[in-house]
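**Q** Let me begin by handing over the structure; questions about it come next.
What follows draws every value from the coordinates through simple rules; no lab data is involved. On a predicted model such as this, the values are computed, not experimentally measured, just so you know. Using ideal geometry, Cβ is built from the backbone for each residue, glycine included, and neighbour counts are taken over all protein chains shown.
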Amino acid sequence: MVKGGRNLTHIAYTWLIIILGLWGLVRQFSSLDLDYCRFFVLFMAMGVVTEWLAVNFPRGQLSGGFAVVMAVFLTCGTPAAAWVGALATLCAQGIVNRGNPLRTILFNATQHVLAVTAAGYVFSAAGGRTGIGVSLELALPLLAFVLVYFGANFLLVALYQQQMPGYRRITLSWWDVFRWGALTYLFTAPLGVLMALLYSQMGYGGVLLFFFPVLVVQLVLRMYVHLELANRELIALYQVARKLGEGLDPEQIAELILREAGRVVHYHSGVVYLLAEEPGCYRAKAATGPFQDDLLRTMVRSGEGFAGRILREGQPELIYDSREDPRVSGEGGLSRVYRSLMFIPLVADAGVIGLLLLGEKRRMAFDENHLDTLTVIAVQAAVAMANALLVHRLEESANTDGLTGIYNHRYFLRRMSEEYRRTSTSGLPLALIMLDVDDFKRINDSFGHPAGDAVLVELAALLREGVGEAGVVCRYGGEEFAVLLPGTDAPAAGSLAENLRQMVREHPFPLNRLSVQVRISLGVAACPGDARDVDDLVQRADQALYRAKKRGKDCVVLYREQ
C-alpha cells in the first residue's frame with residue numbers, strides 16, 4: 001500500500017506541475033515579441049545543445065542551459081525565457097531520449113516554466129527591468145533572479161524524485177546535488193549576462209562566439225562530477241571490503257551488495273540469487289525496489305533463459321535496451337519491466353554461487369564502468385559468501401548427529417543454556433521432553449546393530465515431523481532423545497509428548513522385510529516450577545523418564561505429577 005500510494009502521489013504531482021507549466025506558457029504567449037523569432041530559434045538551438053551535453057547523475061543532471069535562459073531573459077523578458085527554455089528541453093530530451101517516459105520529459109520542460117516565472121516576478125519586484133541592457137543597477141535584481149530560479153528548480157525536482165518508488169536507494173545525498181547545482185549556476189549565470197551584453201553590442205556573431213565558453217564550463221563540470229562519482233565507487237569498494245570482514249552470513253552479504261550498488265549506479269530494482277540445496281537452482285535471497293516481494297519468490301535455474309546462461313558461463317553481461325536486444329526477447333521477469341539490465345554472476349573458487357541482477361527503466365542506464373566496478377564488488381562478496389557457507393557447513397557438521405541427521409548432544413547443551421537464559425529474562429516457560437526407545441537392546445539382539453541404527457534414523461525423522469516448528473529435536477545419546485520446547489509450559493509439553501508416543505506406536509518400522517513395532521517412554525519437565533537451572537531441568541526430565549520406565553514403559557510422565 002505504501003509503495004502504491006507513493007507511486008500515485010508521484011504521478012499526481014508530475015501532472016500537476018505539467019498542467020501548471022502548460023497553463024503558464026499559454027498565458028505568456030500573447031506577451032511574446034514575435035519579431036525576435038530568429039533570436040528565439042538560435043537560443044533554443046543552443047539550449048538543445050546544452051541539454052544534449054548535460055551531465056547525468058543519480059538525482060538529476062547538470063546543464064549549462066541556464067546561461068541561455070539568462071541571456072534570453074535579459075534580452076526579451078520572462079515569456080521568451082519560459083518558452084525558449086521549455087521548447088529546448090522538450091526538443092532535446094524528446095529527440096535524445098534517455099529512456100524517460102513522456103511525463104518525465106514534459107515535467108522537465110514545464111517545471112522550468114514555473115521556475116523562470118517565479119524568478120522573473122522576484123526580479124521585477126526587486127526593481128529590475130529587461131530589454132534595457134546590462135548595468136550595475138541590475139546586480140541585486142539579477143542575484144535575486146538566480147537564487148529564486150535555482151531554489152525553485154531544486155525544490156521542484158527534489159519533490160519529484162522524493163515521490164519516486166525506490167528513490168531511497170540512491171546513496172548520492174541532496175547536499176551533493178545542491179552543491180553541484182550551485183557551482184553550475186555560479187559559472188553559467190555570469191556567462192548568460194555576458195551573452196546578453198554581447199548580443200546587444202555585436203549581434204548574433206558575439207553570442208555564438210561566447211557560446212563556446214559555456215560548453216567548456218559544461219565539460220569541466222562533467223569531469224568534476226565524474227571524478228566525484230568515481231570516488232564514490234571507491235568508497236563502495238571500501239565499504240564492502242570492510243563489512244565483509246565482520247563475519248556476515250550469505251543473506252546479509254546479499255543485502256550489502258544491493259545497498260552498496262546504489263553508490264555506483266542508480267537502479268530501480270535489484271535482486272540477488274544464491275545457490276540452493278537443489279543442484280543448479282538459485283533462489284532469491286535479497287531484493288529491493290517496488291517488486292521486492294515478488295522478486296523474493298522467484299528462482300533461476302542454471303542454463304535456463306538468459307540469466308541461466310549467465311550462471312552457467314559465469315560471465316557478466318549488460319543489456320542496454322531489452323526491447324531491442326534479441327538475447328532477452330520473449331523472456332519474463334525483469335526483462336519485461338526494465339529496459340536496462342545488468343547481470344553479474346557471483347563467482348568463487350567453488351564455482352558460481354549466485355547472481356546479482358539490476359534493472360532500470362531507462363535505456364542505456366548502465367555502462368561498462370558500472371559493470372566493471374560492480375563485478376569487483378561481486379567477486380569480493382562471492383569469496384566472502386563461499387567462506388560463510390563453508391563455516392556454516394562446518395558448524396552444521398559439528399552440531400549434527402552423524403547417524404540421524406538431527407542436532408547432537410553438544411548442540412543440545414548449548415541451545416539449552418541459551419533458551420534458559422532467554423526464559424529467565426522474558427518470563428516465558430521452557431519445557432523439556434526426554435525420551436528413549438523401550439527394549440532397544442532386544443531390537444539390536446534380534447535384528448542386528450544396523451537394524452537398530454535404522455530404527456533410530458526413522459524415529460528421529462518421525463520426531464522432527466511431529467515437533468515441527470514448536471521445538472528442537474536432539475539425539476541425547478544412544479537411543480535417548482531430547483525435545484526442547486521454548487515458550488511451552490508443562491501441560492502443553494505433556495500433550496505433545498503424548499502425541500509423539502501415539503505417533504511412534506502407530507508407525508510401522510520396516511526391518512529386514514518385517515514390520516517392527518517400536519515403543520517409547522517420555523518424561524516431561526518445565527521451568528519455572530520444576531527446576532532452578534539448566535542442570536535441574538535436565539535432571540527432572542530424566543527422573544520423569546525413569547518413572548515412565550518404572551510404570552511399565554510406553555507412557556508419558558510429567559515430573560510435577562510424580
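**Q** Taking 51 Å as R0, compute the FRET efficiency from the Cβ-Cβ separation of Ala461 and Asp367 and round it to 0.05.
**A** For Ala461 and Asp367, the calculated efficiency is 0.45.
**Q** Lysine pairs in the chain with alpha-carbon atoms under 24 Å apart, 8 or more places apart or on different chains: how many are there? Write down the numbers at each step before the final one.
**A** Values: Lys3/Lys285; Lys3/Lys361; Lys243/Lys285; Lys285/Lys361; Lys441/Lys549; Lys441/Lys550; Lys441/Lys553.
Going through the chain pair by pair, I get 7.
**Q** On to the next question. Would you mind computing, in nm to one decimal, how far apart the modelled labels at Thr9 and Glu506 are, each placed 7 Å from Cα along Cα→Cβ?
**A** 5.5 nm
**Q** How far is helix 534-550 tilted, in degrees, relative to the longest principal axis of the Cα atoms in the chain, given as a value from 0 to 90 rounded to the nearest 10?
**A** Taking the Cα atoms of the chain, the angle to 534-550 is about 40 degrees.
**Q** If you rank His268, His112, His10 by fewest surrounding Cβ atoms within 10 Å, what's the result? Walk me through the numbers on the way to the answer.
**A** Details: His268 23, His112 27, His10 19.
Fewest to most other Cβ atoms nearby, the residues stand as His10, His268, His112.
**Q** Further question on the same structure: Please give the contour-minus-distance gain from Cys281 to Glu251: 0.36 nm per residue of separation, less the Cα-Cα distance, rounded to one decimal in nm.
**A** Here the segment from Cys281 to Glu251 would lengthen by 9.2 nm.
**Q** I would also like to ask the following. I'd like the projected area of segment 409-561, averaged over all directions, using the convex hull of its alpha carbons. Report it in nm² with one decimal. Intermediate values should be presented prior to the final figure.
**A** Numbers: hull surface 33.7 nm².
Average projection, Cα convex hull of segment 409-561: 8.4 nm².
**Q** Taking every pair of distinct Cα atoms and averaging 1/r, then inverting, what Kirkwood hydrodynamic radius in Å comes out for segment 307-366?
**A** 11.7 Å
**Q** Here is a further query. Whole-Hz ³J(HN,Hα) for each residue in segment 16-24, computed from phi via Karplus 6.51 cos²θ - 1.76 cosθ + 1.60 with θ = phi - 60°, x for glycine and proline: what do you get?
**A** Karplus-based 3J(HN,Hα) across segment 16-24 equals 4, 5, 4, 5, 4, x, 5, 4, x Hz.
**Q** In nanometres, what is the gap between the two model label sites at Asp35 and Asp536, each 7 Å from Cα along Cα-to-Cβ?
**A** 10.3 nm
**Q** Counting only helical runs of four or more DSSP H residues, what would the 222 nm mean residue ellipticity of the chain come to if each run contributes -39,500 (n - 2.57) and the total is spread over all its residues?
**A** Taken over the chain, the calculation gives -20500 deg cm²/dmol.
**Q** Segment 251-318: which trypsin sites (Lys or Arg not before Pro) are DSSP loop and have at most 13 other beta-carbon atoms within 10 angstrom?
**A** On the way: sites: Arg259, Arg263, Arg283, Lys285, Arg297, Arg301, Arg309, Arg312; in loops: Arg297.
Here the trypsin sites (Lys or Arg not before Pro) that fit, given the DSSP loop and packing criteria, are Arg297.
**Q** Which Cα, out of Leu34, Met70, Val300, lies furthest along the positive dipole direction of the chain (beta carbon charges, K/R +1, D/E -1)?
**A** The Cα lying farthest towards the positive end belongs to Leu34.
**Q** The list (1) 35.5, 115; (2) 22.6, 73; (3) 26.1, 98 gives values of Rg and Dmax of the Cα atoms in Å, and only one came from this structure; which label was calculated from it?
**A** Recomputing Rg and Dmax of the Cα atoms in Å here picks out (1).
**Q** Starting from the Cα of Ala45, step 7 Å along the direction of its Cβ; do the same at Glu331; then give the gap between the two resulting points in nm.
**A** Inter-label distance under the simple model: 4.4 nm.
**Q** Using the Cα gyration tensor of segment 384-464, with a ≥ b ≥ c the square roots of its eigenvalues, what is the shape: rounded (a/c below 1.5), prolate (a/b larger than b/c) or oblate (neither)? Show your work: numbers first, answer last.
**A** Details: a/c = 3.50, a/b = 1.35, b/c = 2.59.
Oblate is the answer for segment 384-464, as a/c is 1.5 or above yet b/c matches or exceeds a/b.
**Q** Here's another thing I want to ask about it. Expressed in nm to one decimal, what extension gain is obtained for the pair Ser515 and Ala126 from 0.36 nm per residue of sequence separation less their Cα-Cα distance?
**A** Result for the pair: 130.0 nm of gain on full extension.
**Q** Rank by packing, highest mean first: peptides 33-46, 340-353, 323-336, with packing defined as the count of other Cβ atoms within 10 Å averaged across residues.
**A** 340-353, 33-46, 323-336
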